[in-house]
Amino acid sequence: MQRLVDIEKKLAEGKGRGYEHWAKIHNLKQAAKTLNVYQEYGFTSPEQLEAAVDTAYQEMRQTSGELKALETKLQGNWTWRGCWNGNGAASPHRTAYM
């Protein structure tokens, strides 16, 4: 999907009637594509989509926080000893049990 064209702005910039015609058709096609995506994923309105996005964002933030806490916990259990795993990258060695 692409953004809609601001027809009034483009006309003010000096675009002609041909561009105006193209932009109207373009905007209609983009609106139809947007509607198809809403329906494909079961949304009936932009507000419902926004609510789903907000919920997913909050869940992502919570999961990210949990992941960071787990990473911090694991860092205390692992140390890098300068050993190599054969392909030029250091490999971790366990120093304590969780």
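Using a Förster distance of 30 angstrom, determine the FRET efficiency expected from the C-beta separation of LYS10 and THR63, and round it to 0.05. Walk me through the numbers before you get to the answer.
Numbers: r = 42 Å, r/R0 = 1.41.
Rounded to the nearest 0.05, the efficiency is 0.10.
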Going Cα to Cα from LYS9, which lysines come in below 25 Å? Please leave out same-chain ones fewer than 8 positions away.
LYS24, LYS29, LYS33
Under 17 Å from LYS68, Cα to Cα: aspartates and glutamates that are on another chain or at least 8 residues apart:
GLU59
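Can you list the trypsin sites (Lys or Arg not before Pro) in the stretch 1-63 that are in a DSSP coil and have 12 or fewer other beta carbons within 10 angstrom? Could you put the intermediate results ahead of the total?
Details: sites: ARG3, LYS9, LYS10, LYS15, ARG17, LYS24, LYS29, LYS33, ARG61; in loops: ARG3, LYS15.
Counting only loop positions with at most 12 other Cβ atoms within 10 Å, the trypsin sites (Lys or Arg not before Pro) in the stretch 1-63 are ARG3.
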Any chance you could run the full-extension gain for HIS21 through GLN48? It's 0.36 nm times the residue separation minus the Cα-Cα distance, nm to one decimal.
6.5 nm
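The numbers here are math on the coordinates, done by the rules we state, and not lab data. Because the structure is a prediction, the values reported are computed rather than measured. As a convention, Cβ positions derive from the backbone with ideal geometry for all residues, glycine included, and neighbour counts pool all protein chains shown.
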